[in-house]
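Take a look at the structure below.
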Amino acid sequence: MLPGSHPPEPAQASRSLEPIREAPSNRTTPGQRHEARSGRILALAPCAALVVFTVCSVAPAQTNDTVSILVDSTVAGSPLRPIWAYYGYDELNYTTTAEGMELLNKLANIQQTPVHVRTHFLFNTGDGTAALKWGSTNVYTEDDAGNPIYDFSILDSIMDATVDAGTFPLVELGFMPQALSRQPDPYRNSNPYTLDGGCFHPPDDYDKWAALITAWVRHVEGRYRASEPQWQWELWNEPDIGYWRGSFDEYAELYDTTEAALHAVLPDASLGGPAVANPANDFLGRFLEHCATGTNAVTGQRGTRLDMVSFHAKGGVSITNGHVQMDLGNQLRLHRAGFETVAASAFARTPIVISEADPDGCAACPATVAPQHAYRNTPAYGAYEVAMMKRSLDLADELGVDLRGVLTWAFTFPDSAYFEGYRALTTHGVDLPVLNAFKLLGGLTGDRLPVASSGAMPLSELIERGVREEPDVDALATIDGDRIQILVWNYHDDLLDVPATTVTLDVRVGSVFGATADVAQTRVDDAHGNAFAVWHSQGAPEQPSASQRAALQMAMVPSQQPERRVDVDSGTLSIDFELPRHGIALFTISPGDDGDDQNDMASDRAGCACEVGAPAHSHHAPRFAWPLTALAIGYRCRTGKKTNGRLRRHRNR
């Protein structure tokens, strides 16, 4: 263990949230300093071998001015765009493992909007055995005469698992089957981290590639008729680097060929590309120019249909001065480069999906070999994601582009050790703090409200400099009917031990609120919704006992405080709280039960509570908010939506 770090204290895992203080009494004033809560978790052990990497160091003492956040729910909002409902992973054969199917169901249930899932290797030759950074389905082989043999059985099992969970494919069409590859041998990569296999080469026959696309899309049309209209499609992955061993012109020809074959069967399908690794290079611009004015390799006419533009962006992480340092600024600079390229093209109004957007560039490189990746087990990963999503929305608005989705390239690694530090959402079925961040994001519904925060960095400064000095303390707020939700975070690139930030949250509310409001707080931070901290306090067992695993499952749920009644003074309610570095807090605010409306509101809440097994409470006593189990599946009960993704099956039988 490096100097300046210490193991977490077991008692932290069960530490309760600080109570919400009712305004206006005991209000803190700007400039007041607060001591950090003691015993903050600093040292993290992201592998079963108990190799401990220092994620946080003790920072020099610094002032902690109160951050003021104002949310105005009385002004007209704009429809919330839930760009975060996209996920992906390399190892497509993990989809049909028990852990993979469980996670897909979780992803469907924590979001209020359709979830799309992208994987590599859909067309690769092989027997379907799961492997790190590899996958196969054996969809295409040839007989001795060179005639195609199509076998969609393995691919069907993957797509069945995806749609049965209530999620939808973002189909990445690739890579090249061995019998079609211009360089079929050696077909598989020499190791998981080298892109030198034959599957990355162009086809030796573009007509046979078109026939494969046609055959499988027809199969999809028949088998998945109910869900297919919500599928999205994309050609290949990162053709500007080693995933494509052909020229730009050959990729353009492959796109033209694919587009013609796909839309001949499914004319309404949304097809995109080019999914470049670096939107700042010229590949993206050349591709957009080809689709706008280039000669179509199939029709010979000018231009090719393009329904979606995709590119990738990775922030970058390092060990700096003994601690992990992330780089949100670089992530957003890449987003800006892609947005600007699209905005300057003929496709300025075409939807954009950033089909991989992550803090670093190697999901399958665990913290056991890359210690800078130790952030992945911590709340810092979730805070990064939440801040990045909000800033991406802001940047898209500023540049006038249509941002449809921002995809998180993280899933699960079933054969790894507990908390090994892969870029994952779960480990052995235990939710990581980053998944809890997505649970809170996924619960937001309705219209987005304007937010003003004294602790939010100006977007231009954040993009140019990153979050290297003062933290970025900001919020995303929505209103749905008379329910207001405000997600607040405390993000910084440096994983350092610093005092918590004091936040004053003022919310302007409409007349429906009357004299009081009910406020529930849900928290993910070092000590709340953090199963990794509990595992470490257990001694980082390689194989947790039944009781230890039960404790991990309890700790993996975001912590929710009992609902509190606060006063509304002149149309504004105020909440004072402290938010630790990389902490996330979700406030759900609803009208207090005043007058004759009281019984109706209580009845509505009781109905929701009954669905998830919680008792109804009288308004005369403090009401506890929804039980912890409800948070594990999102907030659907409060909007009357179904809570089980399996109720949304889309596969024909």
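The values are calculated or read from the model by the stated rules, or taken from the named source; none is laboratory data. Only a predicted model underlies this, so the values are computations on that prediction, with no experimental measurement involved. Note: ideal-geometry Cβ built from the backbone for every residue, glycine included; neighbour counts use all protein chains shown. The area values use the complete protein model at the heavy-atom level, side chains included, leaving out ligands, DNA and RNA. Shrake-Rupley method; radii C 1.70, N 1.55, O 1.52, S 1.80 Å.
Looking at region 564-579 only, could you name the residues that are open to solvent by less than 70 Å² (accessible area, probe 1.4 Å) and either closer than 17 Å to residue 74 by Cβ or free of Cβ contacts under 8 Å to residues at least 40 places away in the same chain (or both)? Hits for region 564-579 are 568, 571, 572, 573, 574.
Per the listing 342, 369, the residue uniquely closer than 28 Å to residue 468 by Cβ and either part of a helix (DSSP H, G or I) or open to solvent by 40 Å² or more (accessible area, probe 1.4 Å) (or both) is 369. Can we say residue 325 is open to solvent by less than 20 Å² (accessible area, probe 1.4 Å) and polar (S, T, N, Q)? No: the conditions fail for residue 325.
Residues that are within 25 Å of residue 472 (Cα to Cα), touching a residue at least 24 places away in the same chain (Cβ under 8 Å), more than 22 Å from the chain's Cα centre (by Cα) and not in a helix (DSSP H, G or I): does region 400-409 have at least one? Checking region 400-409: at least one residue is within 25 Å of residue 472 (Cα to Cα), touching a residue at least 24 places away in the same chain (Cβ under 8 Å), more than 22 Å from the chain's Cα centre (by Cα) and not in a helix (DSSP H, G or I). Evaluated against (1) more than 20 Å from the chain's Cα centre (by Cα); (2) not in a helix (DSSP H, G or I), residue 474 falls short on exactly one condition, (1). Of everything in region 353-366, what is closer than 15 Å to residue 385 by Cα and not in a loop (DSSP other than H, G, I, E, B)? Give them in sequence order. Within region 353-366, 354, 355, 356, 357, 358 qualify. For region 189-226, the set of residues classified as polar (S, T, N, Q) and in a helix (DSSP H, G or I) consists of 214 only. Within region 109-138, the set of residues being closer than 30 Å to residue 81 by Cβ and out of contact with any strand residue (DSSP E or B) (no Cβ under 8 Å at 6 or more places or on another chain) comprises 109, 110, 111, 112, 113. On the stretch given as region 531-588, residues that are outside any strand (DSSP E or B), farther than 19 Å from residue 508 by Cβ and not hydrophobic (A, V, I, L, M, F, W, C) total 21.
Here residue 548 meets the list (1) in contact with a helix residue (DSSP H, G or I) (Cβ under 6 Å, 6 or more places away or on another chain); (2) surrounded by fewer than 24 Cβ atoms within 10 Å (Cβ to Cβ) almost entirely, failing just condition (1). Name the single residue that is least open to solvent (accessible area, probe 1.4 Å) among those in region 229-250 being touching a Phe, Trp or Tyr at 6+ places or on another chain (Cβ under 6 Å) and not in a loop (DSSP other than H, G, I, E, B). Ranking the qualifying residues of region 229-250, first place goes to 235.
Quick check on region 505-536: of everything there that is polar (S, T, N, Q) and over 27 Å from the mean Cα position of the chain (by Cα), which residue is nearest to residue 433 (Cα to Cα)? By that ranking, first place goes to 516. One residue is enough: does region 242-260 have a residue meeting the conditions of a type outside the set (D, E, K, R) and under 26 Å from the mean Cα position of the chain (by Cα)? So far as region 242-260 goes, yes, one or more of its residues are of a type outside the set (D, E, K, R) and under 26 Å from the mean Cα position of the chain (by Cα).
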